[in-house]
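Asks: Before I ask anything, let me first share the structure, which is written out below as structure tokens.
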Amino acid sequence: VYPFWSHLYPAARGKYIADCDGDDYWTDPEKIQKQYDFMEAHPECSMCHHDYFIKNMQTGNTTKPHSEPPRGYTAEELIGFDGKGYSIHTSTKLWRNIWLDASDEKRAWIMNFWGDHPTNVLMGTYGACGYVPGIKASVFCRQHESSSWTNMSRAEISRKEAEMHKRLYASLLVGDSPD
């Protein structure tokens, strides 16, 4: 089991959680405050995000993640999130700590949906995702052209995404998600 979801996040006692993977970095010293202020003003949002760049560590080049601009997402868009276009990178998120009031049953249900992309889908079951302008872009450091996901064929990625979505939808439809 992914240690953040099994140990770290459930132990967190703050109202919000923000991640930054070890090789990525934040560039705005006001990032957390700006996102906190946004979340306090938007109770309909389960998380928010901001802009980021991708830095190729082999070449040193920095690029935008996609040609489309970043934006917010409705809860329905998050639940159906396909990760295409301008995605929501880990280092840009601030999300409500869903463990604070979760029952043991709810915690067990949440444990089925760990990882960057599944977090986006899972948070859609709690609300929308707002885009917060005015935060200096975080930097996603790509160590090489492949990763655990980009190393796979498009068909394998689609299959894994479909499996995760099926588990989430099935649990929502049959009521395995305690409220």
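Asks: By how many nm would the segment from H7 to R71 grow when fully extended, if each residue of separation counts as 0.36 nm and the alpha-carbon distance is taken off?
Replies: 19.9 nm
Asks: On a full-extension model of 0.36 nm per residue, what is the gain between E30 and E44, subtracting their alpha-carbon distance, rounded to one decimal in nm?
Replies: 2.8 nm is the gain from fully extending E30 to E44.
Asks: Per 5 Å bin, what percent of the C-alpha pairs of segment 1-129 does each bin hold, from zero upward?
Replies: Here the calculated profile for segment 1-129 is 2, 10, 19, 23, 22, 14, 7, 3, 1, 0.
Asks: In nanometres, what is the gap between the two model label sites at E156 and A108, each 7 Å from Cα along Cα-to-Cβ?
Replies: Reported label-point gap for E156 and A108 is 3.3 nm.
Asks: On the full set of protein chains, 1.4 Å probe, figure out the accessible area of D104 and give it in Å² to the nearest 10.
Replies: Rounded to the nearest 10, that gives 120 Å².
Asks: What are the extents of the Cα atoms of segment 5-56 along their three principal axes, in Å, largest first?
Replies: 35, 29, 18
The values are calculated or read from the model by the stated rules, or taken from the named source; none is laboratory data. A quick note: this is a predicted structure, and the numbers were derived from the prediction, not measured. Cβ sites come from the backbone with ideal geometry, for glycine too, and all protein chains shown count toward neighbours. The accessibility values were calculated without ligands, DNA or RNA, using every heavy atom of the protein model including side chains. Shrake-Rupley method; radii C 1.70, N 1.55, O 1.52, S 1.80 Å.
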